[in-house]
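Notes follow the structure.
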Amino acid sequence: MSYQTVFTAYLNANNVFIDLNFLPSTVTYTFMLTIKNQSPQTLYFKVVLNVPNWSVSSPSGGALGSVNAGSSANFNVVVARANPGAETTDSGTMVVEAYTDSGYTNKVGSASLPVTITFENTEAWTNVEIDNFDDGTSQGWSGGTVTSELSIEAGGYSYWTGEVFAATTEKSISKSVTLPAGSKARITFYFVLKGRNTYSSTQTAYLNYIKLLVNNVEVSRMGTVISLSVGAGSTTYPTIAYTSPWYKVSFDLTPYAGQSVTIALVFGLTVPSSFYFSAFVDRIVIAVS
């Protein structure tokens, strides 16, 4: 018996842009898959990546595990390749396979999705605006504050979102910009998460997604779960921890080239009680070519 399998991308998430600046020798990218099993039995799922130069580094062998009948689950799929060192595009497919057994021998369905991953040197494009906050000002961004607590560059500053306390909510920063005309446009930025635990045992908070809003409309989303566990603390002496190293995100702005728009970067957070969660954003690059 076989099952009908459908694989779609949310907000063009299968078209990935990666900026070349400050990348390590091995580049990783995380896809978040939501799998809904509408069959009457538990199924086991596996992801296969057919994109030149890339391989699945996590989970091992692409084995995602099981999803119960009538249930859904989220999975992080980490893919990796060597840093190409120059602008290039890798195209292929990602395939999700369904099996009835945990040994992944009896396949009952599969579906593929085209995937394109483009490396770009955006800071060398024709029109480039870099907001690194190193002059100590917000450089037009609102919703947070400039701080020297963390910075991507030694002796520099970043933009702090402010804290979310004990909630599942969103924290955002925004800026109004006029984008030059061009055939392609991107926004790229770095971020780090901070946790401050005032509870007497270890707690874990989660970044569920980052989304890009243009004129208050969601146009892109990085759907990946990043967790931060912080050891026991107290109200008087909270324990503080950060994610490390800096994460980097690129979003497409091409449809808005030549327009005046308001851009918002929105962090979707889940925060336990007696815990404060926030993000630092740095080196925001808006480039048009």
Check: exposed (fewer than 15 other Cβ atoms within 10 Å of the Cβ), modelled with pLDDT of 95 or more, out of contact with any Lys or Arg (no Cβ under 6 Å at 6 or more places or on another chain) and not charged (D, E, K, R): does that describe VAL67?
Finding: no
Next item on the list: Select from the range 9-25 the residues that are touching a strand residue (DSSP E or B) at 6+ places or on another chain (Cβ under 7 Å) and more than 18 Å from VAL78 (Cα to Cα) and write down the one among them that is modelled with the highest pLDDT.
Entry: LEU20
Next item on the list: Looking only at the range 147-169, count how many residues are in a strand (DSSP E or B) and farther than 15 Å from ILE263 by Cβ.
Entry: 7
Item checked: Selected residue [of a type in the set (A, V, I, L, M), at pLDDT 95 or above, out of contact with any helix residue (DSSP H, G or I) (no Cβ under 8 Å at 6 or more places or on another chain) and over 22 Å from THR224 (Cβ atoms)] from ALA80, ALA98 -> ALA98
Check: Is there any pair with a first residue in the range 109-138 that is hydrophobic (A, V, I, L, M, F, W, C) and modelled with pLDDT of 95 or more and a second that is surrounded by fewer than 14 Cβ atoms within 10 Å (Cβ to Cβ) and not in a strand (DSSP E or B) whose Cβ atoms are under 7 Å apart and which are 6 or more apart or on different chains, and what are they?
Finding: ALA111/VAL6; LEU113/ALA9; PHE119/GLU87
Check: Of all the residues that make up the range 179-207, how many are in contact with a Ser or Thr (Cβ under 6 Å, 6 or more places away or on another chain) and either under 24 Å from LEU11 (Cβ atoms) or modelled with pLDDT under 95 (or both)?
Finding: 7
Checklist line | Cross-chain or 6+ apart pairs with Cβ under 7 Å, the range 24-48 first and closer than 15 Å to LEU113 by Cβ, then assigned to a loop (DSSP other than H, G, I, E, B) | finding: MET32/GLY223; MET32/THR224; MET32/VAL225; LYS46/TYR104
Notebook entry, point to check: Which numbered condition trips up SER174, out of (1) assigned to a loop (DSSP other than H, G, I, E, B); (2) polar (S, T, N, Q); (3) under 19 Å from the mean Cα position of the chain (by Cα)?
Noted result: (1)
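Quick grid of which residues meet (1) closer than 21 Å to THR188 by Cβ; (2) part of a loop (DSSP other than H, G, I, E, B); (3) at pLDDT 95 or above:
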| site | (1), (2), (3) |
| --- | --- |
| SER227 | no, no, yes |
| TYR237 | no, yes, yes |
| ILE240 | no, no, yes |
| SER250 | yes, no, yes |
| GLY258 | yes, yes, yes |
| ILE263 | yes, no, yes |
Check: Of LEU212, LEU193, which residue is touching a Lys or Arg at 6+ places or on another chain (Cβ under 9 Å), buried (at least 18 other Cβ atoms within 10 Å of the Cβ) and not basic (Lys, Arg)?
Finding: LEU212
Next item on the list: Working only within the range 197-207, note down all residues that are assigned to a strand (DSSP E or B) and buried (at least 19 other Cβ atoms within 10 Å of the Cβ).
Entry: ASN197, GLN203, ALA205, LEU207
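The values are calculated or read from the model by the stated rules, or taken from the named source; none is laboratory data. Keep in mind that what you see is a predicted model, and the values were worked out from it rather than measured. Reconstructed Cβ throughout: ideal geometry from the backbone, glycine too, with neighbour counts over all protein chains shown.
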